[in-house]
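Peer 1: What follows is a structure written as structure tokens; I'll ask about it next.
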Amino acid sequence: MDNSEKQNAGLQLDPYLESPKSFHLKMPLYHTFDLSIGAVAEKVYEFLCFSGTIDAYCIWCDKESVFDTQEYVYSITYGEWKKSVGFRRNMYQCSRNSNHQYFIYYLKTKENLLKIGQWPSIADFQIPQAEKYRKILGEEEYKEFTRGIGIAVHGVGIGSFVYLRRVFENLIEEAHIMAQAENKEFSNNEYLNARMDKKIKMVKDYLPEFLVENRSLYAILSTGIHDLTEDECLQYFETVKIGIEQILDERIIQKEKADKATKAREAIQKIHGKLANSK
Ligand SMILES: [Zn+2]
């Protein structure tokens, strides 16, 4: 890689350099930036000094809110950014209530910048947002899903992939059970001996479209568990998690639609019965 390639790769490969929000609020603890890459150092500096607002979920309001930059506390000397070594705290405040505050802590060494703390933790912040999946996942799976999120934010990459893969496999298994129950011609032997890609195709009528289209998610999860490093898994965690959420969102919509149809059908029959009886 020549220097400009290294610069570009450093920026593109890091999902936490996408926006101030992903940098401050989504980045897992101990995520480290190599400041010897000029483009990375520049972006990191820009986000550290970011003074605009961030749209984010507020755990106290229990909904999306706008957060204002409130303060920096730091021992990093500004003019000497490149040479400086020190500690920094950023604070964001919910615009609805000034007691709703997020704190993020960073450590700057000569070569690196790393996140060393966040309060409330990313898990505190992400798990309430996962709550809406509780019903669709069921208690056991919901626990695995949130455990995956919980350990990823503490810098455990491979382990978090194990939990996400289990959530994914359970979704496929549910579809498998339905496909078996509803189709007499379903070849269970063929299914059991097939690779995941083929399995998904065989039960695709019972799966959210997004999952079928993006079934390579499973390959990413499996590669993660067997071949990727902790850091690589953490780097891809957010993308994989969003993929799974997308699948769950689609399931929720399907279920709401089905529930609404059932209710409407019952209500129509009731009225129809009443009208028929009154005649
Ligand atoms: Zn709030």
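Peer 1: Per-residue ellipticity at 222 nm for the chain, helices alone: DSSP H runs ≥ 4 residues times -39500 (n - 2.57), over residue total, nearest 500 deg cm²/dmol? Don't skip to the end; give the middle numbers.
Peer 2: Working: 11 runs with 153 residues, N = 279.
Helix contribution divided over all residues of the chain: -17500 deg cm²/dmol.
Peer 1: Follow-up. If you bin the C-alpha pair distances of segment 19-145 every 10 Å from 0, what whole percents do you get?
Peer 2: Using 10 Å bins, I get a P(r) of 12, 40, 29, 15, 4, 0 for segment 19-145.
Peer 1: How big is the Rg/Rh ratio for the chain, C-alpha atoms only, Rh by Kirkwood, two decimals? Display every interim value, and only then the final one.
Peer 2: Values: Rg = 23.7 Å, Rh = 21.7 Å.
When Rh is taken as the Kirkwood radius, the ratio is 1.09.
Peer 1: Around Ser51, with a cut-off of 12 angstrom between Cβ atoms, what is the net charge of the other residues, counting Lys and Arg +1 and Asp and Glu -1?
Peer 2: Here the count lands on -3.
Peer 1: In terms of Cα to Cα distance under 17 Å, which lysines are near enough to Lys83, apart from those fewer than 8 places away along the same chain?
Peer 2: Lys43, Lys108, Lys110
Peer 1: Now a separate question. When the Cα centres of segment 162-181 and segment 30-58 are compared, how far apart do they sit, in Å?
Peer 2: With segment 162-181 and segment 30-58 each reduced to a Cα centre, they are spaced 38 Å.
Peer 1: Considering every Cα-Cα pair within segment 191-249, what fraction, in whole percent, is farther apart than 17 Å? Write down the numbers at each step before the final one.
Peer 2: Values: 753 of 1711 pairs.
Summing the P(r) tail past 17 Å for segment 191-249 gives 44 percent.
Peer 1: Specify the angular offset, from 0 to 90 degrees and rounded to the nearest 10, of the alpha carbon long axis of helix 216-227 from the longest principal axis of the alpha carbons in the chain.
Peer 2: Result, in degrees: 50.
Peer 1: Before anything else, pin down the relative contact order of the chain: Cα pairs under 8 Å, at least 6 apart, normalised by residue count, whole percent.
Peer 2: Values: 345 pairs, mean separation 37.5, N = 279.
Value for the chain: 13 percent.
Peer 1: Which order do peptides 134-140, 151-157, 124-130 fall in by mean Cβ count within 10 Å, highest first?
Peer 2: Numbers: 134-140: 13.1, 151-157: 19.9, 124-130: 17.3.
So the peptides 134-140, 151-157, 124-130, ranked by packing, come out 151-157, 124-130, 134-140.
Values in this text are rule-based calculations from the coordinates and carry no lab data. Quick caveat, the model's predicted, so the values are computed rather than measured. Note that each Cβ is placed from the backbone with ideal geometry, even for glycine, and that neighbours are counted across all protein chains shown.
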